[in-house]
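Enquirer: Handing you this structure, nothing more for now.
The values are calculated or read from the model by the stated rules, or taken from the named source; none is laboratory data. Quantities reported herein were computed from a predicted structural model and do not represent experimental measurements. As a convention, Cβ positions derive from the backbone with ideal geometry for all residues, glycine included, and neighbour counts pool all protein chains shown. Side chains are part of the model used for accessible areas, which takes the heavy atoms of the whole protein and leaves out ligands, DNA and RNA. Shrake-Rupley method; radii C 1.70, N 1.55, O 1.52, S 1.80 Å.
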Amino acid sequence: MPHASPITTDVDFARDGKQFGHLAVPQSTNSAGWAKCLVPITVIRNGDGPTALLFGGNHGDEFEGPVTLLNLARRLRPEQIRGRVIMVPMLNRPAIAAGTRLSPIDGVNMNRAFPGHPGDTITGMIAHYVSSNLLPLADLVIDIHSGGSSMHMLPSVNMHRLENQPQMERMLEAAHAWRAPYIFLYRDVAGAGLLPSHAEQMGKVTLGTEMGSKAQFGVETLGITSRGVDNVLHWAEILVEPPPTGGSGAASQVVEAGDESDYLMAPTSGIFEPLQELGDQIVRGQVIGRLHDIERPQQPPEEIRTESAGILFARRSVPLTAQGECLAVITRVVDPVSTKS
Ligand code: CA
């Protein structure tokens with residue numbers, strides 16, 4: 001017997017037309033014993049057809065998703081689609097308001113809280129509503145991310161390498177339809193409980209993204225994000241007419257960081273000095289950066305050497321670094337058809 005969510009909503013998922021509403025999450029605070037945290041949700045439906053479920057603001061310091069989906073929610077008209085588009089532009093609403101990766105209320109990372117439980121604190125309670133009430137409605141799931149405050153990244157659509165080959169092929173097809181510069185196959189090196197992992201396990205065609213970072217936020221990354229969402233909605237036969245900018249640009253390059261050693265973590269704390277930039281070709285054993293010890297200036301900096309070769313896909317964007325924090329990600333180009341590395 002599944003546990004019912006204490007979250008309520010004023011939108012009717014079965015109704016045709018466009019509805020702006022909220023998910024009302026129970027909250028008890030110092031300023032109000034009885035209160036609701038209102039998470040905006042938009043539902044656009046035009047008869048029977050597939051359902052796309054689009055998320056932004058899973059992390060509160062990543063604004064490409066909120067901007068893209070707030071624009072789309074206002075712009076998209078029911079007559080332009082067949083089926084349904086459900087948008088949650090600011091999934092971790094308290095974190096977006098604070099501009100922080102994690103929720104300021106309970107300190108939880110939304111993208112580690114899945115599948116969640118109705119008895120969890122606010123973040124897990126929202127995750128549970130998504131798992132139990134929203135994901136079952138969806139054929140296509142898009143969770144828009146970027147590197148946020150801490151990582152510069154090449155703009156990509158991403159996914160895990162799945163055991164289920166037909167699902168993987170369909171997801172790659174959707175990813176190619178996006179027309180991002182890269183399709184990034186990643187592995188989890190910092191915990192489980194991700195929204196995309198949960199959607200993938202439910203068999204949904206699931207796309208994540210890494211659209212640059214807080215410092216790269218701008219016209220280019222927002223363009224790749226919003227054109228891509230339109231392109232994929234058209235690929236899914238939800239957006240009836242092809243988007244005016246759809247299909248333009250070069251085909252995506254498929255890259256993978258499939259080994260633990262592709263993710264370089266800081267061996268010590270210090271000031272990170274990058275010596276290579278995003279997109280650079282890296283050879284095995286190359287020094288891609290240095291960590292300066294702020295307490296022992298006479299000490300030579302710690303050299304960060306790669307254990308793998310490939311493209312520098314991501315690097316830390318904040319100089320001050322604590323031991324164990326990710327400094328760089330190296331990817332290799334894989335066959336876009338078979339996705340064999
Ligand atoms: Ca993220």
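Enquirer: If the requirement is being hydroxyl-bearing (Ser, Thr, Tyr), within 13 Å of the ligand (Cβ to nearest atom) and either open to solvent by 40 Å² or more (accessible area, probe 1.4 Å) or assigned to a helix (DSSP H, G or I) (or both), which of these qualifies: Ser213, Ser149? Full working, then the answer.
Expert: Details: Ser213 fails: either open to solvent by 40 Å² or more (accessible area, probe 1.4 Å) or assigned to a helix (DSSP H, G or I) (or both).
Answer to the selection: Ser149.
Enquirer: Among the candidates Glu303, Glu295, which residue alone is over 23 Å from Gln253 (Cα atoms) and either hydroxyl-bearing (Ser, Thr, Tyr) or touching a strand residue (DSSP E or B) at 6+ places or on another chain (Cβ under 8 Å) (or both)? If you could, list the steps in order and put the result at the bottom.
Expert: Numbers: Glu295 fails: either hydroxyl-bearing (Ser, Thr, Tyr) or touching a strand residue (DSSP E or B) at 6+ places or on another chain (Cβ under 8 Å) (or both).
Just a single option satisfies the conditions, and that option is Glu303.
Enquirer: Now for a separate question. Output the number of residues of region 70-98 satisfying the condition of being open to solvent by less than 10 Å² (accessible area, probe 1.4 Å), within 14 Å of the ligand (Cβ to nearest atom) and either part of a helix (DSSP H, G or I) or within 17 Å of Gly228 (Cα to Cα) (or both). Steps first, please.
Expert: At the first step, the residues of region 70-98 found to be open to solvent by less than 10 Å² (accessible area, probe 1.4 Å) are 72-73, 76, 81, 83, 85-89, 91-92, 95.
The next check asks that each one be within 14 Å of the ligand (Cβ to nearest atom); those that pass are 91-92, 95.
Restricting the remaining residues to those that are either part of a helix (DSSP H, G or I) or within 17 Å of Gly228 (Cα to Cα) (or both) gives 95.
Number of matching residues: 1.
Enquirer: Restricted to region 136-146, and to residues that are part of a loop (DSSP other than H, G, I, E, B) and open to solvent by less than 10 Å² (accessible area, probe 1.4 Å), which residue is nearest to the ligand (Cβ to nearest atom)?
Expert: Result: Ser146.
Enquirer: Scan region 49-69 and give yes if some residue there is away from the ligand (no atom under 16 Å from the Cβ), assigned to a strand (DSSP E or B) and open to solvent by 20 Å² or more (accessible area, probe 1.4 Å), otherwise no. Outline the logic, then answer.
Expert: Here is the first cut: in region 49-69, the residues away from the ligand (no atom under 16 Å from the Cβ) are 49-53.
Checking which are assigned to a strand (DSSP E or B) leaves us with 51-53.
With open to solvent by 20 Å² or more (accessible area, probe 1.4 Å) added as a condition, the list becomes none.
Scanning region 49-69 turns up no residue that is away from the ligand (no atom under 16 Å from the Cβ), assigned to a strand (DSSP E or B) and open to solvent by 20 Å² or more (accessible area, probe 1.4 Å).
Enquirer: Which residues, taken from region 153-165, are open to solvent by less than 30 Å² (accessible area, probe 1.4 Å) and not hydrophobic (A, V, I, L, M, F, W, C)?
Expert: Within region 153-165, Pro155, Ser156, Asn158, His160 meet the criteria.
Enquirer: Now for a separate question. Search region 110-135 for residues that are over 17 Å from Val43 (Cβ atoms) and within 16 Å of the ligand (Cβ to nearest atom) and pair each with any residue that is open to solvent by 10 Å² or more (accessible area, probe 1.4 Å) and part of a helix (DSSP H, G or I) when their beta-carbon atoms are under 8 Å apart and the residues are at least 6 apart or on different chains.
Expert: Partner pairs satisfying both residue conditions: Phe114/Ser131; Phe114/Ser197; Phe114/His198.
Enquirer: Something else about it: Just wondering, is there one or more residues in region 17-24 that are within 16 Å of the ligand (Cβ to nearest atom), closer than 16 Å to Ile126 by Cβ and surrounded by 14 or more Cβ atoms within 10 Å (Cβ to Cβ)?
Expert: Initially, region 17-24 is screened for residues within 16 Å of the ligand (Cβ to nearest atom), giving none.
No: zero hits.
Enquirer: If you go through region 191-220 one residue at a time, how many are polar (S, T, N, Q) and modelled with pLDDT under 95? Lay out the reasoning, then the answer.
Expert: First, pick out the residues of region 191-220 that are polar (S, T, N, Q): 197, 201, 206, 209, 213, 216.
Checking which are modelled with pLDDT under 95 leaves us with 213, 216.
Result for region 191-220: 2.
Enquirer: I'd like to check something: does region 149-168 contain any residue that is in contact with a Phe, Trp or Tyr (Cβ under 7 Å, 6 or more places away or on another chain), on the phi < 0 side of the Ramachandran plot and among the charged types (D, E, K, R)?
Expert: Within region 149-168 (the criterion being in contact with a Phe, Trp or Tyr (Cβ under 7 Å, 6 or more places away or on another chain), on the phi < 0 side of the Ramachandran plot and among the charged types (D, E, K, R)), the answer is no, since none of the residues qualifies.
Enquirer: To continue, here is another question. Starting from region 227-239, take each residue that is aromatic (Phe, Trp, Tyr) and list its partners that are open to solvent by 10 Å² or more (accessible area, probe 1.4 Å), counting only C-beta distances under 6 angstrom and pairs at least six apart or across chains.
Expert: Final answer for the pair search is Trp235/Ala177.
Enquirer: I would also like to ask the following. Test Ala32 against the stated conditions and say whether it is away from the ligand (no atom under 16 Å from the Cβ), of a type in the set (A, V, I, L, M, F, W, C), assigned to a loop (DSSP other than H, G, I, E, B) and closer than 27 Å to Ile105 by Cα.
Expert: Working: away from the ligand (no atom under 16 Å from the Cβ): yes; of a type in the set (A, V, I, L, M, F, W, C): yes; assigned to a loop (DSSP other than H, G, I, E, B): yes; closer than 27 Å to Ile105 by Cα: yes.
Taking the combined requirement at face value, the residue satisfies it.
Enquirer: When Gly247 is evaluated against the numbered criteria (1) under 22 Å from Phe55 (Cα atoms); (2) in contact (Cβ under 8 Å) with a residue 12 or more places away in the chain; (3) exposed (fewer than 14 other Cβ atoms within 10 Å of the Cβ); (4) away from the ligand (no atom under 16 Å from the Cβ), which criterion, by number, is the only one it fails?
Expert: The single condition Gly247 does not satisfy is (1).
Enquirer: Right, here's the next one. For region 183-203, state whether one or more residues are outside any helix (DSSP H, G or I), in contact with a helix residue (DSSP H, G or I) (Cβ under 6 Å, 6 or more places away or on another chain) and within 13 Å of the ligand (Cβ to nearest atom).
Expert: yes
Enquirer: For the subset of region 1-16 comprising residues that are in contact with a His (Cβ under 8 Å, 6 or more places away or on another chain) and among the polar types (S, T, N, Q), which member is most open to solvent (accessible area, probe 1.4 Å)?
Expert: Residue satisfying both the conditions and the ranking: Thr9.
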